[in-house]
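K.L.:
The structure that follows is given in the form of C-alpha cells.
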Amino acid sequence: MSRPPFPPFTEETARQKVRMAEDAWNSRDPVRVSLAYTPDSTWRNRSEFFVGRDAIVDFLVRKWAKESDYRLIKDLWAFHGDRIAVRFQYEWHDETGAWFRSYGNEQWEFDEAGLMKRREASINDVAIEQQQRRFFWDAPGSRPDNVHGLAAEPY
C-alpha cells in the first residue's frame with residue numbers, strides 16, 4: 001500500500017499532503033483516516049501514546065463522539081526530507097453545546113511509500129462563544145476551496 005505524494009517532499013507536495021490529511025480528518029471517517037498511517041504508526045496526541053491503525057481508529061471514534069460538529073483547517077508550517085510540520089485549528093462543541101477552538105501543532109514522519117509512521121500532536125482548547133466561530137461549511141466534508149487557510153487568521 002502506498003499514499004502519494006512520496007518523500008522527499010517539495011513545498012508543493014508537502015502542501016498537497018497537508019490538504020489530503022485535512023480532508024480525511026474532516027470526513028470524520030476513522031478508517032479512512034487510519035489508512036494514511038503505517039500499520040505500526042506511533043502516535044502522541046496530547047497526553048495519549050499509542051501504536052497502530054486499530055488504536056488510531058479507536059482513538060478517533062472516541063474523539064469524534066466527544067467533539068461534535070468538528071471542522072478542521074491544517075496549514076503547512078515546515079518540511080524537510082520525509083518530515084512535515086503542521087499547525088492547525090479546529091472548532092467543535094461538547095454535549096452541553098459549549099463551543100471550543102482547538103489550536104495545535106503536529107510533527108509528521110513518513111515512510112518511503114508516503115504513509116505516516118509517526119505523528120506527534122500538541123493541542124490546546126480555548127472556550128469560544130458560538131458567535132466567535134470562524135469555520136462554516138457543511139460537515140462532515142472537505143473545506144471548500146473558497147474558505148482560506150490559517151495564514152489570514154491571527155489566532
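K.L.:
How do Met20, Met1, Met116 rank when sorted from fewest to most other Cβ atoms within 10 Å of their own Cβ?
P.N.:
Working: Met20 16, Met1 8, Met116 22.
Listed from fewest to most nearby Cβ atoms, that is Met1, Met20, Met116.
K.L.:
Further question on the same structure: In percent, how large is the relative contact order of segment 1-66, given Cα pairs closer than 8 Å and 6 or more residues apart? Mind dumping the intermediate values first?
P.N.:
Details: 42 pairs, mean separation 15.4, N = 66.
Across segment 1-66, relative contact order equals 23 percent.
K.L.:
Between 0 and 90 degrees, rounded to the nearest ten: what's the tilt of helix 53-66 against the longest Cα principal axis of the chain?
P.N.:
It is inclined by approximately 10 degrees.
K.L.:
Taking a ≥ b ≥ c as the square roots of the Cα gyration tensor eigenvalues, with a/c under 1.5 meaning rounded and otherwise prolate when a/b beats b/c, else oblate, which class fits segment 37-105?
P.N.:
oblate
K.L.:
Rounded to the nearest 500 deg cm²/dmol, what is the calculated helix-only ellipticity per residue at 222 nm for the chain, with -39500 (n - 2.57) per DSSP H run of length n ≥ 4? Numbers along the way, then the final one.
P.N.:
Numbers: 3 runs with 36 residues, N = 155.
That calculation yields -7000 deg cm²/dmol at 222 nm.
K.L.:
Using only Cα atoms, tell me the angle between helix 11-27 and the longest principal axis of the chain; keep it within 0 to 90° and round to the nearest 10.
P.N.:
Between the helix axis and the principal axis of the chain, the angle is about 50 degrees.
None of the figures in this text is laboratory data; all of them are computed from the coordinates on show. Since the model is a prediction, treat every value here as computed from it, not as a measurement. We place every Cβ from the backbone using ideal geometry, glycine too, and count neighbours over all the protein chains shown.
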